[in-house]
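Heads up, the thing below is written out as structure tokens.
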Amino acid sequence: MRGSIKHIFVGSNTAVGYFSLVDSIVSQQEARTIFILKGAPGASKSNFMKKIGEAIIDENIDVEYYHSSYDPNLLDGLFIPSLKIALLDGSFPNALEPVNLGVVDNVLDFGVFLSPEKLYTYKNSILSLNEQIDRSYVKALFYLEAADALYRQYLFTMKPTIQTEEKLQFERELLVKLQEIIPNKNVFGNSRTLFGSAITGEGVVDYIHTLIGRTETIYLFKETLSCNTKELMQKLKDLLVYNGYNIECYISPLDVDKIEDIIIPELSLAFTTNNNFHKPKIFPTHIIDFTNFIKPDVFKEAYSGADKDFKFMMTLQEKATQAIASAKKYQDALEIYYNDATNEAGMEEQFALLLADILSETTIKA
């Protein structure tokens, strides 16, 4: 038997810059140990975490992989829920520092495995590449900021197309019905907020199926960007926490105030949305269509004026994606220099020591 894997994003590139939720992975109070990995790009931190993850999964222990929105093929973090142990990349863009050093946090400095003499021969190239990375990334954020202005303009233009009162009444009735399957436990629960999808150099990437896929009951809310379930999902979150459930919330990289997925593990229950940018690859047990609350005639007239804004927004998001991909291309070139200067034997020794330390926790737990 092997453990299962959840694939999650620790943060996303957004209109307000890089938005990190690394503190939501595990709190200082809850964590057994948080290992903060420090080191330059190409210091093999991601591969190190992947190797640790594979070894833990082989022990039939579940893990959570936290992907980088810079490059979804890389890991920014690893969490082992049953052991309350996390490994987190403390370098840019999360820039983590220990809070309770030696008590909860431990720093693993991958810089000790680098040869300064080798790196110095590449100094000019490294400085140039770092500048290109910064410029490409800032350009991506400018594009996302511009796209967000058009996104908000589009929502404003399309707002009159919604049967607002009818939609609100339906949501009230739906919440009453849903209370039958989420009975009050007379305690307060907790919510954990992360990203199930992110804006990356490969476009909008999601791993929702790894989060919801095994859930027995799945409600899918079919929506549009304008006729959405933003307020309903917030009310659902509040209701679930008030009724005593510990839940997982996954927010939108386009609108960080919008919850797109809610999972209640205790009830094997999930709520998810389906729209232009969020199309979970799951099989829902219930589908509720909120597009029924769109006024067709008004929509047609409004959209004839808003469609250009929407297309321009998509163009800007594509330019942001290309800029992130460009930054990643420069980083790949940078990593070649650091890989060449890395002491692989030292890395392997560190891997063996840390894995033994983590596995010793399984014995303690047993």
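For the reader, a short list of remarks on this structure follows.
- Counting only protein heavy atoms and a probe of 1.4 Å, the accessible surface of the stretch 1-155 is 53% carbon and sulfur.
- If you run the Gaussian network model on the chain, springs between alpha carbon atoms under 10 Å, then out of 309, 76, 89 the most flexible one is 309.
- The chain: relative contact order in percent, alpha carbon pairs under 8 Å with at least 6 residues between: 25
- Above 17 Å, the calculated P(r) of the stretch 205-311 contains 56 percent of its Cα-Cα pairs.
- Size descriptor for the stretch 57-194, Kirkwood hydrodynamic radius: 21.4 Å (Cα pairs only, one decimal).
- Label-zone membership for the stretch 135-176, site residue 297, 7 angstrom Cα→C-beta point, backbone N under 15 Å: 161-163
- Placing +1 on each Lys and Arg Cβ and -1 on each Asp and Glu Cβ, with no other charges, gives the chain a dipole about its Cα centre of roughly 620 debye.
- Distance cut-off 18 Å, percentage of C-alpha pairs in the stretch 264-358 lying past it: 76
- Beyond 24 Å in Cα-Cα separation lie the following of the pairs 38/329; 167/258; 177/300: 177/300.
- Most to least packed among 255-265, 127-137 [average Cβ atoms within 10 Å]: 255-265, 127-137
- Between residue 217 and residue 177, residue separation times 0.36 nm minus the direct Cα-Cα distance comes to 12.9 nm.
- The long axis of helix 123-158 is offset from the longest Cα principal axis of the chain by roughly 10 degrees.
- In the stretch 1-65, Cα pairs under 8 Å separated by at least six residues give a relative contact order of 60 percent.
- Estimated FRET transfer efficiency when R0 is 41 angstrom, pair residue 165-residue 209 (beta carbons, to 0.05): 0.70
- In plain terms, if you count all Cα to Cα distances in the chain and split them into 20 Å steps from zero, the share in each step is 26, 53, 19, 1 percent.
- Relative to the dominant Cα principal axis of the chain, helix 296-340 is inclined by about 0°.
- Accessible-area composition of the stretch 307-366, carbon plus sulfur, in percent [1.4 Å probe]: 56
- 1.4 Å probe accessible area per residue over the chain, in Å²: 48
- Cross-link pairs 50/222; 45/185; 222/311; 51/222 - those with Cα-Cα distance over 32 Å: 50/222; 45/185; 51/222
- Whether the stretch 160-231 is rounded, prolate or oblate, judged on the alpha carbon gyration tensor where a/c under 1.5 counts as rounded: oblate
- Surface composition of the stretch 185-302: carbon plus sulfur atoms contribute 50% of the solvent-accessible area (1.4 Å probe, protein chains only, all chains present).
- Theoretical gain in end-to-end length, residue 145 to residue 23 [0.36 nm per residue, Cα-Cα removed]: 41.5 nm
- With R₀ fixed at 35 Å, the C-beta to C-beta distance from residue 115 to residue 2 puts the FRET efficiency at about 0.40.
- The slack in the chain from residue 192 to residue 152, taken as 0.36 nm per residue of separation less the alpha-carbon distance, amounts to 11.7 nm.
The values are calculated or read from the model by the stated rules, or taken from the named source; none is laboratory data. As the structure is a computational prediction, the values presented were derived from the model and not from experiment. Using ideal geometry, Cβ is built from the backbone for each residue, glycine included, and neighbour counts are taken over all protein chains shown. Protein only, heavy atoms only, side chains kept; ligands, DNA and RNA dropped before computing areas. Shrake-Rupley method; radii C 1.70, N 1.55, O 1.52, S 1.80 Å.
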